[in-house]
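One structure is given below, encoded as structure tokens.
Laboratory data are not the source of any read-out in this text; all were calculated from the coordinates shown. Computed from a predicted structure; not experimentally measured. Here the Cβ is made from the backbone with ideal geometry for all residues, glycine too, and neighbour counts use every protein chain on show.
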Amino acid sequence: MREPPELPPDAELVARLRARDDAAFGLVLDAWSGGMARVARSIVSTHASADEVVQDAWLAVIQGVSRFEGRSSLKTWVYRILVNTAKRRALREGRQISWSPVAGEDDTPTVDPARFGGPGDRFPGHWVAFPAPWPSPEQDMLAGEVLARVEAALAELPERQRVVITLRDLEGYGSDEVSSILEISAANQRVLLHRARAFVRGKLEEYFLASASEVGTEVSQ
Amino acid sequence: MTDLNCDELVELVTGYLDGALDDETERRVADHLAGCDGCTTYVDQVRQTIATLGSSAADVELTDEARNALLAAFREPPG
């Protein structure tokens, strides 16, 4: 997670933007465009269209800053414009994105039920075998490979889950900010985040199990 | 108050890490974790997953061309 560069407080920033102070605009452009591009990439189909979404969002910000009412932070407002711009773009690409969890998304198990004892077992509802511990980050010689697995897992998620996990865990926004950017309830965003994290964890588990068994094979040979 | 099962706990992890559970449920989660190595490992792995996601954010920057075009649009008086 990246530390955002120090920016002036919102009141000062907004006043300077309205006064067409291009140094102030340069500051927010440089501070937020990277994160905006990552979020746009989680919604639209290509990096090129994500870049266009970011530019279109900034143009809308330039047009609209005189109407900014300060009900949210400036950054949240900018990100909301970004997300709405990206959604419209996705629609033109033929994909309709709804942030509401779909049927089954909030009540089906996120961990394979076979991992837990059934009603007739000695410990129903408890792990049949504990999850195998993962290598600690220092031990992990394949950090690049792990990141590639994470990226692949993110690409497999439904858009609405990918947007939420991108905002929460890549960009570091809190639950209230994400709810505010996406204009959904905190409970909704948590359902989406929960499924997304469980999915990515599952993919990492598969990867670590597979690489542990490869190492095991090498050792035994 | 009944004890949580592991298959219930894994569905509460996100609310737990967000501090969004009611007091009673949060206590049941904490009690369960205190006595269950499997779930403790699971929650640690969710934390590791979050940390890995945090370090996976790709560096993306505006191209100079895009940056200059936006600054020019900003300087233009609106309307």
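Go ahead and estimate [θ] at 222 nm for chain B from helices alone: -39,500 (n - 2.57) per DSSP H run with n ≥ 4, summed, over the residue count, rounded to 500.
Here the helix-only value at 222 nm equals -20000 deg cm²/dmol.
Name all residues of region A:164-201 having a backbone nitrogen under 15 Å from the label point set 7 Å from the Cα of residue A:7 along its Cα→Cβ direction, giving them as ranges.
Taking a point 7 Å out along Cα→Cβ of residue A:7, the residues of region A:164-201 whose backbone N falls under 15 Å are A:171-174, A:177-178, A:181.
Please average, across the residues of B:38-50, the number of beta carbons from any other chain that are within 10 Å of each residue's own beta carbon, and give a whole number.
The mean count of partner-chain Cβ atoms within 10 Å per residue comes to 6.
Restricting attention to the protein assembly as shown, give the cysteines that have no other cysteine Cβ less than 4.7 angstrom from their Cβ.
Cysteines of the protein assembly as shown left without a disulfide-compatible partner: B:6.
Work out, in µm²/s and without decimals, the Stokes-Einstein translational diffusion coefficient of region A:6-142 at 37 °C, 0.692 mPa s, Rh from Kirkwood over C-alpha pairs.
It diffuses with D of about 174 µm²/s by this estimate.
On the first, second and third principal axes, largest extent first, how far apart are the outermost C-alpha atoms of region A:113-220 in Å?
54, 42, 23
For every helix of n ≥ 4 consecutive DSSP H residues, a contribution of -39,500 (n - 2.57) applies; sum these over chain A, divide by its total residues, and give [θ] at 222 nm rounded to the nearest 500 deg cm²/dmol.
-19500 deg cm²/dmol
Would you give the gap between the C-alpha center of region B:7-38 and the C-alpha center of region A:1-72, rounded to a whole Å?
Rounded to whole Å, the Cα centres lie 37 Å apart.
To the nearest whole number, what is the average tally of beta carbon atoms from other chains within 10 Å of the beta carbons of peptide A:51-58?
Counting other chains' Cβ atoms within 10 Å and averaging over A:51-58 gives 3.
Arranged from highest to lowest average of other beta-carbon atoms within 10 Å per residue, in what order do the peptides A:90-97, A:187-194 appear?
The packing order, highest mean first, is A:187-194, A:90-97.
From the phi angles alone, apply the Karplus equation (6.51, -1.76, 1.60; θ = phi - 60°) to region A:27-42 and give each ³J(HN,Hα) in whole Hz, x where the residue is Gly or Pro.
Values per residue, Gly and Pro as x: 4, 6, 4, 6, 6, 10, 4, x, x, 5, 5, 5, 5, 4, 4, 6 Hz.
Show me the GluC sites (Glu not before Pro) within region A:2-55 that DSSP assigns to loop and that have at most 12 other Cβ atoms within 10 Å of their Cβ.
Answer by residue number: A:6.
If I model a spin label as a point 7 Å beyond the Cα along the Cα-Cβ vector, how far apart are those points for residue A:60 and residue A:102 in nm?
About 2.4 nm separates the two model spin labels.
Hey, got the average number of other protein chain Cβ atoms within 10 angstrom for residues in A:20-26?
Per residue, the number of nearby Cβ atoms from other chains is 3 on average.
Angle, helix B:64-75 long axis vs. longest principal axis of chain B, Cα atoms, 0 to 90°, nearest 10?
Approximately 70 degrees, to the nearest 10.
Just want to confirm a number: the relative contact order over chain A, from Cα pairs under 8 angstrom separated by 6+ residues, in percent.
That works out to 22 percent.
Among A:101, A:158, A:131, determine the one that fluctuates most according to a GNM of chain A built with springs between C-alpha atoms less than 10 Å apart.
A:131
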